[in-house]
1. When you go through Glu24, Glu67, Glu73 one by one, which is the residue that is open to solvent by 50 Å² or more (accessible area, probe 1.4 Å), in contact with a helix residue (DSSP H, G or I) (Cβ under 7 Å, 6 or more places away or on another chain) and assigned to a helix (DSSP H, G or I)?
2. Please enumerate the residues belonging to the stretch 7-19 that are closer than 18 Å to Leu57 by Cα and either without any contact (Cβ under 8 Å) to a residue 40 or more places away in the chain or not aliphatic (A, V, I, L, M) (or both).
3. Filter the stretch 79-111 down to residues that are outside any helix (DSSP H, G or I) and open to solvent by 60 Å² or more (accessible area, probe 1.4 Å), then give me how many there are.
4. Scan the stretch 204-256 for residues that are modelled with pLDDT of 80 or more and polar (S, T, N, Q) and jot them down.
5. Evaluate the stretch 33-48: report whether one residue or more is farther than 20 Å from Lys143 by Cβ, of a type in the set (Val, Ile, Thr) and either in contact (Cβ under 8 Å) with a residue 40 or more places away in the chain or open to solvent by 10 Å² or more (accessible area, probe 1.4 Å) (or both).
6. Quickly run through the stretch 1-19 and pick out the residues that are open to solvent by less than 80 Å² (accessible area, probe 1.4 Å) and within 22 Å of Leu111 (Cβ to Cβ).
7. Out of all the residues in the stretch 27-44, which are part of a helix (DSSP H, G or I) and of a type outside the set (Asp, Glu)?
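The values are calculated or read from the model by the stated rules, or taken from the named source; none is laboratory data. Since we're looking at a predicted model, the values are computed, not measured. For neighbour counting, all protein chains shown are included, and Cβ atoms are generated from backbone atoms with ideal geometry for every residue, glycine included. When the accessible area is computed, the model is the full protein with side chains, heavy atoms only, and any ligands, DNA or RNA have been set aside. Shrake-Rupley method; radii C 1.70, N 1.55, O 1.52, S 1.80 Å.
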Amino acid sequence: MDLDEVADRLYGVPPPEFTAARAEAARAAKEAGDGGLAKEIAKLRKPTVSAWAVNRLSREHPAELDELLEVGERLRAAWQEQDADELAELTRLRGEVSAKVGRLARQAGDLSAAAATEVDQTLDAALVDEEAAAEVRRGRLAKPLQYSGFAPAPVTRPRPSRAKKKGAADGGDGGDEAAEARRREEEAARKAKEREEAEAAHREWLATLESAQREYDERAEKVERLEKKLAKARRKLDDARQRLEVTKREERHARQRLER
């Protein structure tokens, strides 16, 4: 037994069970005579619900997660190359794959709106950052990930060739080509940023919608239970009313016989 083996197992355990499982693993290591491993196991942080939901993806849906991370690799490469057509296609694909994988993660448990948002943020970080992608693929997250920039990688513009410089100096079209390339880069960056902002807004409303849907379903279920109880109570009331009418009638007849 080593730390990697234990961590792989523990980070697949639901958060409510993590602390007990960690203590049991540390105790087993200590009883086996490996006090150093026991201390390392005890240091493992309990995952948040959102981190656990993402960890389950690497265990239960590796193919779908690989598809998402592959889109991220291609997206980062397209940013490096400033390939506007590829960026547009990958931005569209990113939305589709992110939505699919996000749904799979949320199906892992009844996530709150906040936890669902953290899942989406973690998947976004894995799309645009190579180190975050490696952490998500490893499946040992203890907390959600975030990425602050809108671009997957810093854009490095290629230096113009000497031939192009000479053409520009001679009054050729080298300067126009460089300006057009910069314009395409800026346009691609603007469209990508707008798309990301739209995706973020949609994710927020989707999380709100899911929360509202859960609340509606819970209240509808409660109303249904109450309506069943009310219907049962009404039936009992009708039975009591019938007994009361029969009793009144029989009492009246008995009184009439007494008065004779």
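1. Working: Glu24 fails: in contact with a helix residue (DSSP H, G or I) (Cβ under 7 Å, 6 or more places away or on another chain); Glu73 fails: in contact with a helix residue (DSSP H, G or I) (Cβ under 7 Å, 6 or more places away or on another chain).
After applying the criteria, what remains is Glu67.
2. Filtering the stretch 7-19 down to residues closer than 18 Å to Leu57 by Cα leaves 7-15, 18.
Asp8, Arg9, Leu10, Tyr11, Gly12, Val13, Pro14, Pro15, Phe18 - these are the residues of the stretch 7-19 that are closer than 18 Å to Leu57 by Cα and either without any contact (Cβ under 8 Å) to a residue 40 or more places away in the chain or not aliphatic (A, V, I, L, M) (or both).
3. First, pick out the residues of the stretch 79-111 that are outside any helix (DSSP H, G or I): 82-83, 107-111.
From what is left, the residues that are open to solvent by 60 Å² or more (accessible area, probe 1.4 Å) are 83, 107, 110.
Counting residues in the stretch 79-111 that are outside any helix (DSSP H, G or I) and open to solvent by 60 Å² or more (accessible area, probe 1.4 Å) gives 3.
4. Start the filter on the stretch 204-256 by keeping residues that are modelled with pLDDT of 80 or more, which leaves 226, 229-256.
Within the stretch 204-256, Gln242, Thr247, Gln256 qualify.
5. Quick first cut of the stretch 33-48, residues farther than 20 Å from Lys143 by Cβ only: 33-39.
Going one step further and asking which of them are of a type in the set (Val, Ile, Thr), we end up with none.
No, that holds for no residue.
6. Listed by number, the residues that qualify are Leu10, Tyr11, Gly12, Val13, Pro14, Pro15, Phe18, Thr19.
7. Taking the stretch 27-44 first, the residues part of a helix (DSSP H, G or I) are 27-31, 35-42.
Within the stretch 27-44, Arg27, Ala28, Ala29, Lys30, Gly35, Gly36, Leu37, Ala38, Lys39, Ile41, Ala42 meet the criteria.
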